[in-house]
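Visitor: To start, I am sharing the structure in question, which I have written as structure tokens.
The values are calculated or read from the model by the stated rules, or taken from the named source; none is laboratory data. What you see is a predicted model, and the numbers here were worked out from it, not measured in a lab. Cβ placement follows ideal geometry from the backbone for every residue including glycine, while neighbour counts extend to all protein chains displayed. The area values use the complete protein model at the heavy-atom level, side chains included, leaving out ligands, DNA and RNA. Shrake-Rupley method; radii C 1.70, N 1.55, O 1.52, S 1.80 Å.
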Amino acid sequence: MVIRTGRADLDFGGIRTEFGLPGEFPPAALAEAQAAVSRDIGSADREDATALPLVTIDPPGAKDLDQALLVQRVGSGFRVHYAIADLGVFVVPGGALDTEVRKRGQTLYLPDGNVPLHPPVLSEGAASLLPGQARPSVLWTFECGPDGEPVDVRVRRAVVRSTAQFDYETVQASFDAGTPHPSVEALPDFGRLRRERAAERGAVELQLPEQEIVPNGDGDWKLVVRPRADVDAWNAEISLLTGMSAARVMLDAKVGVLRTLPDADDGAVDALRRSAQALGVPWPDGVSPARLLAGLDPSRPESLALFVDATRLLRGAGYTAFNGEVPAVSTHAGLGAPYTHVTAPLRRLVDRFAAEVCLAVTAGREVPGWLTEALPLLPGLMGGSDALAGKVDRACLDQVEAWVLADRVGQEFEAVVLRADGNGADVFIPQPPVMSRCTGEDLPEGERIGVRLVEADPERRKVVFERL
């Protein structure tokens, strides 16, 4: 069913203005980016890896391609090559471009166009791992045993050439049909092993509906729930493996920047146990929260409610820079391991710096001064950028929800109660896929109820339901 928003000229200019999102890059930054395009990427210390049949997997139409992969079976184990776009060759430390991207922090994605971290001449051109093009990369190679755990890890600068650009749906369809591309034929087996290792570590995965705003074909917008195919999860495991390996490099060298999340306290776990009991979700003795959540059926209303409740286990995420000694909190509790961001440098600021630390350490070189000076600044820069990205994402969803429902006030819907409090509850409406507030007393968490839409205000981006 196509859901019209009512007008064909609806855009997100108001959100861009409200949050002060940047527009064009300063001339000096653009000039630096343009000059970097013609820079020679070949050098004696950059490996020629163009013979590797790497491929990319990204959303349809993506041009800012950060990663290319190759997964191979080697005996009873696996060899994984993971090439990451190398921004270090394009961005001069302390230059005009470096200054601007530090202000931006990350690429912001709005339905009517993104706000890029780097000028498109780099992010969608010379630095992007586009197919058939020789590109500078930071190349990670993992030699893994039959259990999927790495026994040897290498990272170095290289020149690579992706052989094909795929999207998730196409790759999933090839697996379902039994005709996968040779470069990813071993990905399912390796991905399943890595997911099993994640459950053993206590990694927490919340399988909540992922709302997505897409054009409806007539110039308006509609809301859909993006299904997460198996290939999404398998591909994500390669990125997580890289981030965990990079974190280990940093911790061994006692210098770097980590993505950290403190362990949930006993009170949070006890509260989740009470929620599971109230929702009628069995929690056998000896089963960890991670195992319990991984085994739930995300289509069931009580599962959705427990996933929302489980967000209490993932509070306090941040970035931790260190130099000289290991920080007190060095792990990411949601992953059950130390972790850092290194796999999306086209779209996220911290990844370029983290990659440079790993390259210096593994090559036996001293971490350069410009990098150690930048490390303490990154937690603040990324924390502010993450907060802004979260607000922009939520504002866009709120805006489209109000547009979609503006002419349906008074209509009745089925809803799942996610989290209740004294003033009502957060509810999920499956069709159209909306998460909003519902007024009413004693709303039953984890159950389906009937609701009526009482307000949908596009000006205030506000949607409210009431219980029937």
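Visitor: Quick check on my filter: what residues within the stretch 164-182 are surrounded by 17 or more Cβ atoms within 10 Å (Cβ to Cβ) and β-branched (Val, Ile, Thr)?
Guide: Result: Val171, single match.
Visitor: Please verify whether the stretch 248-257 includes one or more residues that are open to solvent by 30 Å² or more (accessible area, probe 1.4 Å), part of a loop (DSSP other than H, G, I, E, B), modelled with pLDDT under 95 and more than 16 Å from Val55 (Cα to Cα).
Guide: Looking through the stretch 248-257, none of the residues is open to solvent by 30 Å² or more (accessible area, probe 1.4 Å), part of a loop (DSSP other than H, G, I, E, B), modelled with pLDDT under 95 and more than 16 Å from Val55 (Cα to Cα).
Visitor: Please tell me if Val155 is in contact (Cβ under 8 Å) with a residue 12 or more places away in the chain, in contact with a helix residue (DSSP H, G or I) (Cβ under 7 Å, 6 or more places away or on another chain), β-branched (Val, Ile, Thr) and part of a loop (DSSP other than H, G, I, E, B).
Guide: For Val155, the condition - in contact (Cβ under 8 Å) with a residue 12 or more places away in the chain, in contact with a helix residue (DSSP H, G or I) (Cβ under 7 Å, 6 or more places away or on another chain), β-branched (Val, Ile, Thr) and part of a loop (DSSP other than H, G, I, E, B) - is not met.
Visitor: More than 17 Å from Ala395 (Cβ to Cβ) and either of a type in the set (A, V, I, L, M, F, W, C) or more than 32 Å from the chain's Cα centre (by Cα) (or both): does that describe Arg467?
Guide: Yes: the conditions hold for Arg467.
Visitor: Which number in (1) in contact with a Gly (Cβ under 9 Å, 6 or more places away or on another chain); (2) assigned to a loop (DSSP other than H, G, I, E, B) marks the one condition that Gly217 misses?
Guide: (1) is the only condition that Gly217 fails.
Visitor: Turning to a different aspect of this structure: Out of everything in the stretch 409-434 that is within 11 Å of Leu223 (Cα to Cα) and in a loop (DSSP other than H, G, I, E, B), what residue ends up being most open to solvent (accessible area, probe 1.4 Å)?
Guide: Taking the stretch 409-434 first, the residues within 11 Å of Leu223 (Cα to Cα) are 430-434.
Subsequent filtering for residues that are in a loop (DSSP other than H, G, I, E, B) retains 430-433.
Working: Pro430: 59, Gln431: 100, Pro432: 1, Pro433: 3 Å².
So, considering only residues that are within 11 Å of Leu223 (Cα to Cα) and in a loop (DSSP other than H, G, I, E, B), the one most open to solvent (accessible area, probe 1.4 Å) is Gln431.
Visitor: I would also like to ask the following. Sort out which residues of the stretch 438-451 are charged (D, E, K, R) and not in a loop (DSSP other than H, G, I, E, B), and write them in order of number.
Guide: Hit for the stretch 438-451 is Arg448, nothing else.
Visitor: In the stretch 39-58, which residue that is open to solvent by less than 60 Å² (accessible area, probe 1.4 Å) and not in a loop (DSSP other than H, G, I, E, B) is farthest from Ser385 (Cα to Cα)?
Guide: Applying the filter and picking the extreme gives Val55.
Visitor: Can you pull out the residues in the stretch 7-38 that are in a loop (DSSP other than H, G, I, E, B) and either closer than 23 Å to Ala96 by Cβ or aliphatic (A, V, I, L, M) (or both)?
Guide: First, the residues of the stretch 7-38 that are in a loop (DSSP other than H, G, I, E, B): 7-12, 19-26, 38.
Ala8, Leu10, Gly20, Leu21, Pro22, Gly23, Glu24, Phe25, Pro26, Ser38 - these are the residues of the stretch 7-38 that are in a loop (DSSP other than H, G, I, E, B) and either closer than 23 Å to Ala96 by Cβ or aliphatic (A, V, I, L, M) (or both).
Visitor: Checking Glu237 against (1) open to solvent by 40 Å² or more (accessible area, probe 1.4 Å); (2) within 30 Å of Arg365 (Cα to Cα), which test does it fail?
Guide: Of the numbered conditions (1) open to solvent by 40 Å² or more (accessible area, probe 1.4 Å); (2) within 30 Å of Arg365 (Cα to Cα), the odd one out for Glu237 is (1).
Visitor: Out of the stretch 70-105, which residues are closer than 30 Å to Gly148 by Cβ and in contact with a helix residue (DSSP H, G or I) (Cβ under 6 Å, 6 or more places away or on another chain)?
Guide: Leu70, Val71, Phe78, Tyr82, Leu87, Gly88
Visitor: Limited to the stretch 70-123, what total is found for residues that are more than 27 Å from Arg154 (Cα to Cα), open to solvent by less than 30 Å² (accessible area, probe 1.4 Å) and acidic (Asp, Glu)?
Guide: 2
Per-residue answers, yes or no, for (1) assigned to a strand (DSSP E or B); (2) free of Cβ contacts under 8 Å to residues at least 40 places away in the same chain; (3) under 30 Å from Gly324 (Cβ atoms); (4) of a type outside the set (D, E, K, R):
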{"position": "Asp386", "(1), (2), (3), (4)": "no, no, yes, no"}
{"position": "Gly390", "(1), (2), (3), (4)": "no, yes, no, yes"}
{"position": "Asp407", "(1), (2), (3), (4)": "no, no, no, no"}
{"position": "Ser436", "(1), (2), (3), (4)": "yes, yes, no, yes"}
{"position": "Leu453", "(1), (2), (3), (4)": "yes, no, no, yes"}
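Visitor: Still on this model: Under 9 Å by Cβ, and 6 or more places apart or on different chains, what pairs join a residue from the stretch 290-308 that is open to solvent by 10 Å² or more (accessible area, probe 1.4 Å) with one that is polar (S, T, N, Q) and part of a helix (DSSP H, G or I)?
Guide: These pairs meet every condition: Leu296/Ser303; Asp297/Ser303.
Visitor: Among the candidates Glu185, Glu205, Glu212, Glu200, which residue alone is open to solvent by 50 Å² or more (accessible area, probe 1.4 Å) and at pLDDT 95 or above? Explain how you work it out, then say what you get.
Guide: On the way: Glu205 fails: at pLDDT 95 or above; Glu212 fails: at pLDDT 95 or above; Glu200 fails: at pLDDT 95 or above.
Glu185 is the lone residue from the list that is open to solvent by 50 Å² or more (accessible area, probe 1.4 Å) and at pLDDT 95 or above.
Visitor: Same structure again: Would you point out the residue of the stretch 173-213, among those that are assigned to a loop (DSSP other than H, G, I, E, B) and among the charged types (D, E, K, R), that is farthest from Val71 (Cα to Cα)?
Guide: It comes out as Glu210.
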